[in-house]
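Sharing a structure here in structure tokens format.
Throughout, read-outs are computed from the coordinates displayed, never taken from laboratory work. On a predicted model such as this, the values are computed, not experimentally measured, just so you know. Counting neighbours? That spans all protein chains shown, and the Cβs are built from the backbone with ideal geometry, glycine included.
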Amino acid sequence: MRLLPSGERALLVELSDLDEVLALAEAVRGLAGIEDVVPGERTLLVTVAVPGDLEPVRRALPEMTGASVSVVAGARASRSASCTTGRTWRTSRRRRG
């Protein structure tokens, strides 16, 4: 299992398969401070309500899975694609008409 920080209020958890993702999603939903849980095929995005709730969740994840954990320091989800796309669309629209 790998944990990738995703901003101040979220973690992206990489797991080996969908069964692990769904099992962890159910377990995580019961933790205090959880705002949203979004399962993917091999990932689980866990969002907390306030930044201070993230560390206790991060510490609880290895106990829930029994798996060894690798934490990727400094990784962040990027918003640049959506921001750039929005600016490009507005800019190109102005040029056309």
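So the label point goes 7 Å from the Cα of L18 along Cα→C-beta, right? Which residues of the stretch 25-63 then have their backbone N under 14 Å from it?
Residues 39-43 fall inside that zone.
A further question follows. Give, as a single signed number, the net charge of other residues whose beta carbon lies under 15 Å from the beta carbon of A60, with Lys and Arg counted +1 and Asp and Glu -1. Intermediate results must be reported in sequence, preceding the final value.
Numbers: positive: R29, R58, R59; negative: E26, D53, E55, E63.
Result for the local shell: -1.
Where does the charge balance sit around V28 when Lys and Arg score +1, Asp and Glu -1, over other residues with C-beta under 13 Å from its C-beta?
Working: positive: R29, R58, R59; negative: E20, E26, E35, D36, D53, E63.
Local net charge: -3.
Counting only other residues whose beta carbon sits under 10 Å from that of A49, what net charge do I get with K and R as +1, D and E as -1?
-2
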